[in-house]
Amino acid sequence: QVQLVESGGGLVQAGDSLRLSCAASGRTFTGYVMGWFRQTPGKEREFVASINWSGGSTNYAEAVKGRFIIFRNMATNTVYLQMNRLQLEDTAVYYCAADIPLTWGRGRDYGYWGQGTQVKISS
């Protein structure tokens, strides 16, 4: 079965960088979209970025465009989220997701999720 395991979260200061990893296993991901979402208590899960596993095309939420980069290593089945110039508002639990979604930015279109990794930004 599909397993997604996130890592790389932590506590950093505003302006710092952090790289999240998502190790994917359990199937061939050809044709899949891999996404990163985030959630804070009391708020809806929010789309962050996604990448087409095969072609490499990407999409970003406006809030992170120009600061975050999503990329994948097909040899190791790992998806990364490079987060630069982190802001207080980026504090959240970040989740990796995978599927063939109808809409790349819609969380309910993804059937596979990781357990999440906490990112905290301090001032």
>> Net charge around D90, counting only other residues with Cβ within less than 12 Å of its Cβ (Lys, Arg = +1; Asp, Glu = -1)?
In response: +1
> Probe 1.4 Å, all protein chains in place: accessible area of T76 in Å², nearest 10?
Replying inline: 80
> When N is the residue count of the chain, what does its C-alpha Rg come to as a fraction of 2.2 N^0.38 Å?
Replying inline: 0.97
> Which GluC sites (Glu not before Pro) from the stretch 1-66 combine a DSSP loop assignment with at most 14 other Cβ atoms within 10 Å?
Replying inline: E44, E62
> Of R45, R27, R19, which has the largest mean-square fluctuation in a 10 Å C-alpha GNM of the chain?
Replying inline: R27
> Averaged per residue, what accessible surface does the chain expose to a 1.4 Å probe, in Å²?
Replying inline: 50
> Over all distinct Cα pairs, what is the inverse of the mean 1/r for the stretch 71-123, reported as the Kirkwood hydrodynamic radius in Å?
Replying inline: 13.0
> Exactly which trypsin sites (Lys or Arg not before Pro) in the stretch 48-93 are in a DSSP loop and have at most 15 other Cβ atoms within 10 Å?
Replying inline: K65, R67, R85
> Between L102 and V2, what is the spin-label point distance in nm, taking each point 7 Å from the Cα along the Cα→C-beta axis?
Replying inline: 1.7
>> With a 1.4 Å probe and all protein chains left in place, how much of the accessible area of the chain comes from carbon and sulfur atoms, in whole percent?
In response: 48
>> Test of understanding: what is the full-extension gain from L88 to D109, defined as 0.36 nm times their sequence separation minus their Cα-Cα distance?
In response: 4.8 nm
> Given the chain, what percent of its DSSP beta bridges are antiparallel, to the nearest 5?
Replying inline: 90
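The values are calculated or read from the model by the stated rules, or taken from the named source; none is laboratory data. The structure displayed is predicted, hence computed values, not measured ones. Methodologically, a virtual Cβ is constructed for each residue, glycine included, from the backbone with ideal geometry; neighbour enumeration extends over all protein chains shown. Protein only, heavy atoms only, side chains kept; ligands, DNA and RNA dropped before computing areas. Shrake-Rupley method; radii C 1.70, N 1.55, O 1.52, S 1.80 Å.
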